[in-house]
Amino acid sequence: MSGKRWTALIIAAVLFIASSAVTTVFSVFSMDLDDLFDGEEVVDEHVLESGNGRGKIVVLHLNGVIQSSYDAPSLFEASTYNHGRFLKQLDAAANDGTVDGIIISVNTPGGGVMESDQIHDKIVEIQEDYRKPVYVSMGSMAASGGYYIAAPATQVFAHPQTMTGSIGVIMQSINVSELAEDLGIQSEVIKSGPYKDIMSATREMTDDERQILQDMIDESYDRFVDIIVEGRELPRDQVEELADGRIYTGNQAYEADLVDELGDLDDVIEVFRDDIGKGDIDVVEYRQPLGFPSLFGATAQAFLGDQLSVYSMKEWIQQSHAPRLMYLYTE
C-alpha cells in the first residue's frame, strides 16, 4: 500500500475517533443532571439575616423561564432555572421542622403550563398539609406563569414597577411555507392520521386544526382563571375582565386586587416576621449548590466562549421544535 493511502487511512481514522469522542462528550453533557450527579445536594443554605434562633424563614429564588427542558438540562445550563431542583427545594423547606414560612422571590416571564401547575400544586400542599405560609415577592417581572404560581400564596407582594399580569395561554410556531416555496424546498410527510403533523412549519394550518388547538388553549385558560378565582378569592367575572393577556405594573395589579401589598423583598421579610409572631427569626436562602455541574458550567463558559453559545443554541432549537402550551409573556 502506498504512502498516500496510509496517510489517508490514518487521517480518516483520526477524524472518526475525534468525531466519536465529540459525540460522546456532548451526549454526556446533555444527560439529566439529577441522574448523573444524584449525590449532589439540592439545598445550600445561606444566612441572609441572623435572628433570635427561634425559627427561620426560607427564601427561594425562581429566576428565568419556568420549564423543565424535557427534564434533561445540560451541564452547560447548570446555572439556569432547574425545575426539578426547585421542586425539591420546596419539599426540603416543607419538611424542615425549623422552617416557619417560605418566601418565593419571583423573577420570570412565565413558562410551561404543566411546570407552572406543578409549582402551584406544591405551594397549595405546603400551606394546607404542612401548615406553613408561603409569601411571594415579585421582582422586575412575574408575568403569566409567574402570576399563576403566585395566585395561591398566603400573601403576594409586588414592587410598584413590577411587570405582572399577562394572564392567559399561548402556543406558537413559525410558518416558513412561502419561504420554502421560493427556495424550491418541498416537505415530504408520511403520517398515520390527518392531524399528526398539526402546526407543521411547512404548510398552512387548516380550520379543523386551528379549532383543535383553540380548544386546548381554552381549557388551560379556564384553569388559569379558576386558579385566580380560588387563590385570590375574586369574582369570576372580575378575573375574566382582567385576564385578557395584558400586562400590569405592580401599582395597577395592587389596585386590581391581584396582589396584596407593594414592597420589595426586605419589606416582605419584615412583614412576614411580624405575621409569624416569633420576633426577628432567622432568614436564610436556598442557593444552587456549588457542585460539579455548576463548576463545570462556569469553566466551560470561560474556555469555550462562542462555541458554547453555538451548542446552547442547538439545544434551544431542538427543544423548541415542538409547540407547547405556555403561560408565558412574549414581546
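A few remarks follow.
- The range 181-211 and the range 93-113: distance between their alpha carbon centers, rounded to Å: 41
- By the count of other C-beta atoms within 10 Å, a proxy for reagent exposure, 227, 198, 170 are ordered fewest to most as 198, 170, 227.
- For the range 145-245, the set of chymotrypsin sites (Phe, Trp or Tyr not before Pro) satisfying both a DSSP loop assignment and a count of at most 11 other C-beta atoms within 10 Å is empty.
- Global form of the range 124-198, assessed from the alpha-carbon gyration tensor, a/c cut-off 1.5: oblate
- Three-way shape label, the range 63-173, alpha-carbon gyration tensor, a/c 1.5: oblate
- Exposure proxy ranking, count of Cβ atoms within 10 Å, fewest first, for 215, 121: 215, 121
- Under the combined filter of DSSP loop state and at most 12 neighbouring Cβ atoms within 10 Å, the range 185-244 retains these GluC sites (Glu not before Pro): 188, 204, 233.
- Built amide H within the under 5 Å cut-off of residue 142, gap 5+: 108, 163, 164
- Amide N of the range 147-174 lying under 11 Å from the label point, which is placed 7 angstrom from the Cα of residue 257 along Cα→Cβ: none
- Around residue 56: net Lys/Arg minus Asp/Glu count, Cβ-Cβ under 10 Å: -3
- From least to most packed, judged by other beta carbons within 10 angstrom and beginning with the fewest, 104, 123 follow the order 123, 104.
Each value in this text was obtained by applying a stated rule to the coordinates, not by laboratory testing. The structure displayed is predicted, hence computed values, not measured ones. Cβ coordinates were reconstructed from backbone atoms using ideal geometry, including for glycine residues, and neighbour counts include every protein chain displayed.
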